[in-house]
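Written below as structure tokens is the structure these notes are about.
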Amino acid sequence: MSATLACIGGTSAYDLLREGALLASRVGPMQTPFGESQPIYLCASRFGEFYFLSRHGENGYEVSPSFVNYRANVFALKSLGIRTVVSWSEARAVSHNYKIGQYVLVDDIIDETRCRSHTFFENHGLSSVRQWPMFCPSIRAALSTTLHEEDCRFADRGVYVCVEGPRQETPAEARKYRQSGGELIGQTLAPEVFLARELQMCYASICYVARYAESGFDFRPFENGRILEPRLEAERAAAAVERLPRILERLCDVLSRTECVCTCERAMEQFILSGQLGRDWRMWFEDSPSRNTSDSYLP
Ligand SMILES: [Zn+2]
């Protein structure tokens, strides 16, 4: 059976590819109506295959979050038959209730990005796509089961503030986000989660806490522009990355025995029923002004 799960990996995802931590074969980048995706890999595991895409590039941190082609990446995965996307990202905790290296199953998001393409439907007149529940409840439950079975420390909720970057937040911004209910700060979940919804895919996020946000209250020494994390914290954050291949493998197992009861596959139903969109999603972008002249979406 062909893979229906994909993982979009964040910072250090390229390290997993380069170091061979994933048993993967390179499918390659894909041409889409929205440009070229990052290279996609097909990974084998004891419990099934899944696709893997490194959001920032395959050779290192080549593309910062503001310049990731989120539309091409999500569209390419949809074209491969993917129904479920699990995103993993590093995040900075605004609250010290989270521990460095801890996983967080984010359950809501505040979008503070400014310069990104947030929809596939430019000039289509479609609006009011519902954003609740924000992340697929079935996949969040499967991730929770997975982390329990892997004996990982995690929080089952968290409000993620997606900032534009590429710079980090100022101390005043960190305090503002905390006052707004934000608990984690990152740069990549928006617009990815909104785009996945537009293509009626299940999408859930697993973050790991890489460090604390700089609110100006806790001075942390730095050298050559980089914050010096205590050695133990740095080791915990690195361990959180190293465990991800095992978590993805276990997730394949959990998903194989999980019944999906969400409504993600019907996220655009109102537009289909009103006749604004056809039943076949591949026809939705036939007149896209940014459509590539390529006659197929194959890599
Ligand atoms: Zn779903």
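The values are calculated or read from the model by the stated rules, or taken from the named source; none is laboratory data. None of these values were measured; they are calculated from a predicted model. Note that we place each Cβ from the backbone using ideal geometry, even for glycine, and neighbour counts take in every protein chain shown.
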Reported set for region 264-299 where residues are surrounded by 15 or more Cβ atoms within 10 Å (Cβ to Cβ) and at pLDDT 90 or above is CYS264, ALA267, MET268, PHE271, ILE272, LEU277, TRP281, TRP284
Note: among ILE82, ILE8, just one is outside any strand (DSSP E or B) and either surrounded by 22 or more Cβ atoms within 10 Å (Cβ to Cβ) or under 14 Å from the mean Cα position of the chain (by Cα) (or both), namely ILE82
Matching residues in region 238-276 (more than 21 Å from SER144 (Cβ to Cβ), more than 16 Å from the ligand (Cβ to nearest atom) and under 19 Å from the mean Cα position of the chain (by Cα)) number 1
(Q) SER89 - would you say it is in contact with a Leu (Cβ under 9 Å, 6 or more places away or on another chain) and assigned to a loop (DSSP other than H, G, I, E, B)? (A) no
Checking ILE100, ILE109 in turn, the sole residue that is under 27 Å from ALA239 (Cα atoms), part of a strand (DSSP E or B) and among the aliphatic types (A, V, I, L, M) turns out to be ILE109
Go through the residues of region 130-151 one by one and say whether even a single one is more than 16 Å from the ligand (Cβ to nearest atom), part of a strand (DSSP E or B), within 16 Å of SER87 (Cβ to Cβ) and touching a residue at least 12 places away in the same chain (Cβ under 8 Å). no
The residue that is surrounded by the most Cβ atoms within 10 Å (Cβ to Cβ), considering only those in region 11-35 that are without any contact (Cβ under 8 Å) to a residue 40 or more places away in the chain and of a type outside the set (S, T, N, Q), is ALA24
Taking region 277-292 and keeping residues more than 16 Å from the ligand (Cβ to nearest atom) and of a type outside the set (Lys, Arg) leaves LEU277, GLY278, ASP280, MET283, TRP284, PHE285, GLU286, ASP287, SER288, PRO289, SER290, ASN292
Take HIS118 and tell me if it is farther than 12 Å from CYS207 by Cα and in contact with a helix residue (DSSP H, G or I) (Cβ under 6 Å, 6 or more places away or on another chain). yes
By residue number, the members of region 119-159 that are touching a Phe, Trp or Tyr at 6+ places or on another chain (Cβ under 6 Å) and either over 27 Å from LEU244 (Cβ atoms) or surrounded by fewer than 18 Cβ atoms within 10 Å (Cβ to Cβ) (or both) are LEU126
Out of (1) within 22 Å of ILE109 (Cα to Cα); (2) at pLDDT below 95, the one PRO221 does not meet is (1)
Kindly check whether there is at least one residue in region 182-198 that is aromatic (Phe, Trp, Tyr) and either out of contact with any strand residue (DSSP E or B) (no Cβ under 9 Å at 6 or more places or on another chain) or more than 30 Å from GLN270 (Cβ to Cβ) (or both). no
